[in-house]
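Here is the structure we will look at.
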Amino acid sequence: MTLRIAGFCVLVLMVNLAYAGLALVGNENGGTISLIDTARDEVVGEIKTGGKPRGTAILPSRRIAYVSDQPANALLVIDLDQRIHRQIYSCTHNTFLEETLNEYYVLTLRIWFLALDRVARLDEAVREHRELMEAIRDADGDRAEDAMRRHVLGFERAIRQVL
């Protein structure tokens, strides 16, 4: 089975995908997967996969999704957390800042993996992502800044507690 990284088209409400109430539904004829918020019974995003996506699964950490493309004999791996962060960075419309934030993300992943088994703040991080994305959607800079600050400081606090 071939392993390939899927292309991704994110909508602003994409932040819902880290919640337990997310369903991934393959759209074989369209070569996409719909992300459905089951609590609201609404499509909140779409991932372009190409091929004919069929079986789907999300890891318990809700950071990675797997999609089977049986006709192509392929397994698509979709890094949900990274894609949310990159979407937020692109909202700055500042290439230098976007590249810098991507570099910081790589560094924070290194720290995260050192403490992964001892840090339990995923639900908080998801809420913070949601608040930030909603503030960006609403063009509320002050609220976005506050949400980002709480997210970064919360991550720092959690990591300092275990290292």
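We did not get these values from a lab; they are worked out from the coordinates using the rules stated. None of these values were measured; they are calculated from a predicted model. Positions of Cβ are generated from backbone atoms using ideal geometry, with glycine treated the same way; all protein chains shown enter the neighbour counts.
Can you tell me the length gained on complete extension of the stretch Arg40 to Ala57, counting 0.36 nm per residue apart and subtracting the Cα distance? Numbers along the way, then the final one.
Working: separation 17, 0.36 × 17 = 6.12 nm, distance 2.01 nm.
Value of the extension gain: 4.1 nm.
In the distance distribution for region 40-158, Cα-Cα pairs more than 19 Å apart total 57 percent. Comparing Cα centroids, region 129-163 and region 23-39 end up 28 angstrom apart. Computed extension length for Leu107-Asn94: 2.7 nm, one decimal, from 0.36 nm per residue of separation with the Cα-Cα distance subtracted. In this structure the amide hydrogen of Glu28, modeled in the peptide plane, comes within under 5 Å of no amide hydrogen from residues 5 or more places off or on another chain. The trypsin sites (Lys or Arg not before Pro) of region 33-116 that DSSP puts in a loop, and whose beta carbon has at most 12 other beta carbons within 10 Å, are Arg40. With R₀ fixed at 45 Å, the C-beta to C-beta distance from Gln161 to Asn73 puts the FRET efficiency at about 0.50. Basic side chains Lys and Arg get +1 at the Cβ, acidic Asp and Glu get -1 at the Cβ, and with that the dipole of region 38-97 about its Cα centre reaches some 80 debye. The H on the amide N of Val44, modeled in the peptide plane, is under 5 Å from the matching H of Leu35, Ile36, Asp37, each at least 5 residues off or on a different chain.
Taking GluC sites (Glu not before Pro) across region 59-163, none is in a DSSP loop with at most 15 further Cβ atoms lying within 10 angstrom of its Cβ.
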